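Trainee: Pasting a structure below so you can have a look.
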Amino acid sequence: SRRGEVQVLFISVDPSRDTPERLKEYVPYFNPSFIGLTGTEVEIDKVIKQYGAMYEKDKPDERGYYSVGHSTSIYLIDREGNFKYLFSFHTPREEMAKVIKQYM
């Protein structure tokens with residue numbers, strides 16, 4: 001099995017709310033093997049720019065609540081950090097698996 005050759009990284013774009021501790025609790029709800037990452041705004045912006053993603057933080061309301069709009073695409077990136085393929089959020093898992101195998 002080549003399952004161990006693929007690692008899913010969940011990258012948060014809201015470091016003020018998504019601390020490493022919160023990501024450690026939240027990300028396993030998607031899958032226990034996923035890894036949650038965050039960083040400073042500068043670090044996050046560098047990654048966003050590198051892969052052509054986007055995010056936008058709304059202004060907080062009177063209670064301090066805000067939302068963050070962000071791209072929902074799934075990026076296939078090799079071990080060296082090179083972009084390989086862009087999946088729509090709605091791409092069926094079977095199609096994703098087929099494409100990923102082509103790059104392995």
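Trainee: Determine, yes or no, whether PRO28 is exposed (fewer than 13 other Cβ atoms within 10 Å of the Cβ), over 13 Å from the mean Cα position of the chain (by Cα) and not aromatic (Phe, Trp, Tyr).
Mentor: Here the answer is no, as PRO28 does not meet what is asked.
Trainee: For the subset of the stretch 1-24 comprising residues that are at pLDDT 90 or above and of a type in the set (Val, Ile, Thr), which member is nearest to ASP78 (Cα to Cα)?
Mentor: VAL8
The values are calculated or read from the model by the stated rules, or taken from the named source; none is laboratory data. Not measured: the values here are computed from a predicted model. Virtual Cβ from ideal backbone geometry, glycine too; neighbours counted across all protein chains shown.
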